[in-house]
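Before any comments, here is the structure.
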Amino acid sequence: MSRYLVIPLALCLGALASAPARANTESQPAQSATIIEIPNESVQLLDPSIEAAGMGGASSAVFWQEDPNDHANPALVGFHHGLRYSFGQTKLYEGLIEGVQLRTHRVLAGAWGIGVAMSGKPDKVGRVRLSYPEQTFIDEFGNPLAPMEPHQDVRTLAVGVSVIDLVSNIMEFRGGAPLTIQPRVSLAVGHAWKEVAIDMAPPEVLGGARVGKGENRDAGAVLRIAPMDQIGRDLDAPRRRAQYRLELAGAYSRLNYVDDERINYEDGHGEEMPDIRQYGASARLTMAFAPNEGTSWYRDWAAPAVFMALAWDHADIHRSTVGPLVADIDYTTRIGSELSVFDVFFLRLGHVEDYVRDVEGTTYGAGVSLKYKNAIGVRGDWAHYPVQDVLDQPWNRYGVSVFVDPFHLKPED
């Protein structure tokens, strides 16, 4: 498989350029098209997280984000609380070809140390889609077919469990005391059921060679420890002096770990799904401000603290026979940092080296999160992400999410 697909600008699908059946966006006979090249993107290798994009993509051990990146590690949703809907959009290759974009609709729910992330599973609950401009295809007899939007989907259901948090919450619910180690240690495990659906042309075109579907699974784990914690359970508690918390985490995840699953196309051929191993680490230092009486009105909207964090990920292709994705090669190295002020303003900086997609460069991003008593809120994020040098057109990624946490909506005593 070539690194690039040769795509006619007027047709947008390079594999159809030399075939008897072709795509044409005009009602008049197709004219000669200017040939351009864009990368052969796969929706499986595009990360839906806008927050992670600003940090170079480093996210498999990032346990603190409001919108956990289950795409990188399904265990992360075990740290999620409340109900959240997130939307993200990235227009790919603006100025080169219009209408290629990655859109994400994700739903997350979590409580007590159990979290669930949904994007297309169950059916119609969320979506992660890489789409191309609408096309009108012509069959081999010259008859126009119904217009369609070529696309690739990833449909995922991820479940994560933060084991110590779950046990501690159960003990507290039953009238006992929570586990004393809970603020200092967390262990989360997760699993995801994933389906990839590719619909790049009607079955009548190329004998169904561009229509396929396949299933696979992801798994992961995250261990977090706090070797120093002066803050304790309540960040808003009154204090007379500044207090600190240092947290360290390590993570491992395996994407597409089932080795006999493939994407099966309607023309009978199959495509292996790359088995990706990821290793991650992170560190976060939180400083709680002082003096703090814990009663100011703005505490309903902000946290009296700042945190600084670093994250690192490395991934390799463990098993694949698909074109350049050969087994036992490095896939990506990602490094990222994040600064949070009052848990409202976020700045991110990172660096990515993607050896498979041939991407290397600096990333950066920002976010704003407005929450009332951690019970209801809205969040917006933006990230700048590099692409191949030959394209010279970085991606600008945008995302917004809304959430509600029913546990924080209970009336105060």
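The values are calculated or read from the model by the stated rules, or taken from the named source; none is laboratory data. Every value quoted in this text rests on a predicted model; they were computed, and no experiment measured them. Every residue, glycine among them, receives a Cβ derived from its backbone with ideal geometry; neighbour counts consider all protein chains shown. Keep in mind that these areas ignore ligands, DNA and RNA; they rest on the heavy atoms of the full protein, side chains included. Shrake-Rupley method; radii C 1.70, N 1.55, O 1.52, S 1.80 Å.
Considering every residue within the stretch 228-249, establish whether at least one is at pLDDT 95 or above and farther than 22 Å from Q65 by Cα. Looking for residues that are at pLDDT 95 or above and farther than 22 Å from Q65 by Cα, one finds none in the stretch 228-249, hence no. Of the residues that make up the stretch 401-412, is at least one closer than 19 Å to E338 by Cβ, open to solvent by 30 Å² or more (accessible area, probe 1.4 Å) and not aliphatic (A, V, I, L, M)? Scanning the stretch 401-412 turns up no residue that is closer than 19 Å to E338 by Cβ, open to solvent by 30 Å² or more (accessible area, probe 1.4 Å) and not aliphatic (A, V, I, L, M). Scanning the stretch 287-314 for residues that are within 22 Å of G56 (Cα to Cα) and open to solvent by less than 10 Å² (accessible area, probe 1.4 Å) returns A309, A311, D313. Go through V387, V352, V356 for me and flag whichever is assigned to a strand (DSSP E or B), farther than 30 Å from A111 by Cβ, open to solvent by less than 30 Å² (accessible area, probe 1.4 Å) and not small (G, A, S). Testing whether each residue is assigned to a strand (DSSP E or B), farther than 30 Å from A111 by Cβ, open to solvent by less than 30 Å² (accessible area, probe 1.4 Å) and not small (G, A, S) leaves just V352.
Number of residues in the stretch 238-257 that are aliphatic (A, V, I, L, M) and open to solvent by less than 30 Å² (accessible area, probe 1.4 Å): the value is 3. Before we move on, is V341 of a type outside the set (S, T, N, Q), at pLDDT 95 or above and surrounded by fewer than 18 Cβ atoms within 10 Å (Cβ to Cβ)? Yes: the conditions hold for V341.
The set of residues in the stretch 39-89 that are under 27 Å from L285 (Cα atoms), outside any loop (DSSP other than H, G, I, E, B) and aromatic (F, W, Y) contains only F79.
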